[in-house]
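K.L.:
Before we start, here is the structure in question, set down as structure tokens.
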Amino acid sequence: MEKPQLIVNGLRLDGRKPDELRPIKIETDIIKNASGSAYMEWGNNKVIAAVYGPKEALPKHTGDPEKAIIKCVYSMTPFSSLEEHGRSGPNRRAIEISKVTKEVFENIILVENFPRSEIDIFIEILQADGGTRAAGITAAAVALATSGIPMRDIPYAVSAGRVGDTVIIDLNKLEDNYSDADMPVAIAPRNNEILLMQMDGGLTREQFKKALEMIKNAGKVITKIQREAIKKPYEDLINKYGAKYE
Ligand code: CDP
């Protein structure tokens, strides 16, 4: 395919402004056997995240006497995308995304509370349209929060990028393929600590600053949606039975 013009009259091909996120929906507790789970729709991405643990690390010798070990499996279903698709079993890209996601959560979960344990995080991409690692991290953060596993914060992730001189947020698949830069970032919103930063392409110092600013602004919206999703089951109970704490 020839490189499409990604920005026409100031708008992107899906009608968004440069700093506009795709719509995001999150639902919790969708996998009953999991310690915590979430289903997310982020634009045309559809993602399930499920968390198991903390439980005894197996095989036992893998356990760390100081802290829990985090295991993460990111995987794309073979039917998740029209052009390309995930094959059964992990490929190089899935192994990389699993690794960086694991590192995000190792640094935010209070792992030292659970020596000799493991916490398993599964991220399954049912439908893919660019930005699936960010969607996976954002959904897994909600699954972890609902599981009650203690974290220092609830992280979110989103990518920023560049089309010519214009910095854009939340690249879809077409933008991911043809943009001049793509930078997925995961952040702990309480102190804006950066937990993941990857980069494809290049940004000037000014564009980088602008991208980070856009990411933090988007983060306010994403964080709100995450928190509302986490609270919803409790609010539903309160609405059903009334708020009686006796
Ligand atoms: O998803 P993310 O942007 O985090 O990762 P990427 O490696 O930059 O891939 C960009 C996009 O390409 C994915 O989100 C998918 O939409 C698509 N893709 C695919 O359809 N099949 C693959 N095997 C790999 C990527």
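The values are calculated or read from the model by the stated rules, or taken from the named source; none is laboratory data. This one's a predicted model, so the numbers in the text were calculated from it and none came from an experiment. Note: ideal-geometry Cβ built from the backbone for every residue, glycine included; neighbour counts use all protein chains shown. When the accessible area is computed, the model is the full protein with side chains, heavy atoms only, and any ligands, DNA or RNA have been set aside. Shrake-Rupley method; radii C 1.70, N 1.55, O 1.52, S 1.80 Å.
K.L.:
Out of region 1-45, which residues are basic (Lys, Arg) and out of contact with any Gly (no Cβ under 6 Å at 6 or more places or on another chain)? Talk me through it step by step, then tell me what you get.
P.N.:
Of the residues in region 1-45, the ones basic (Lys, Arg) are 3, 12, 16-17, 22, 25, 32.
Scanning region 1-45 gives Lys3, Arg12, Arg16, Lys17, Lys25, Lys32.
K.L.:
Open to solvent by 10 Å² or more (accessible area, probe 1.4 Å) and either closer than 24 Å to Glu193 by Cα or hydroxyl-bearing (Ser, Thr, Tyr) (or both): which single residue out of Arg92, Arg152, Arg116 fits that description?
P.N.:
Working: Arg92 fails: either closer than 24 Å to Glu193 by Cα or hydroxyl-bearing (Ser, Thr, Tyr) (or both); Arg116 fails: either closer than 24 Å to Glu193 by Cα or hydroxyl-bearing (Ser, Thr, Tyr) (or both).
Checking each option against the conditions leaves just Arg152.
K.L.:
Here's something else I'd like to know. Could you tell me how many of the residues in region 165-198 are closer than 25 Å to Lys3 by Cα and either surrounded by 16 or more Cβ atoms within 10 Å (Cβ to Cβ) or of a type in the set (Ser, Thr, Tyr) (or both)? Before the answer, list the steps.
P.N.:
Narrowing region 165-198 to residues closer than 25 Å to Lys3 by Cα: 165-184, 198.
Next, only the ones that are either surrounded by 16 or more Cβ atoms within 10 Å (Cβ to Cβ) or of a type in the set (Ser, Thr, Tyr) (or both) stay: 166-176, 178-184.
Residues meeting the conditions: 18.
K.L.:
Collect the residues in region 119-149 that are crowded, with 17+ Cβ neighbours inside 10 Å and either charged (D, E, K, R) or over 29 Å from Asp200 (Cβ atoms) (or both), keeping them in residue-number order.
P.N.:
Of region 119-149, the ones crowded, with 17+ Cβ neighbours inside 10 Å are 119-125, 127-147, 149.
Across region 119-149, the qualifying residues are Ile119, Asp120, Glu124, Asp129, Arg133, Ala145, Thr146, Ser147, Ile149.
K.L.:
Being within 16 Å of the ligand (Cβ to nearest atom) and under 30 Å from Tyr234 (Cβ atoms): is that true of Ala143 here? Can you show your working first?
P.N.:
Details: within 16 Å of the ligand (Cβ to nearest atom): no; under 30 Å from Tyr234 (Cβ atoms): yes.
No.
K.L.:
If you don't mind, another one. Output the residues belonging to region 59-74 that are surrounded by 10 or more Cβ atoms within 10 Å (Cβ to Cβ) and modelled with pLDDT under 95.
P.N.:
Residue satisfying the conditions is Thr62 alone.
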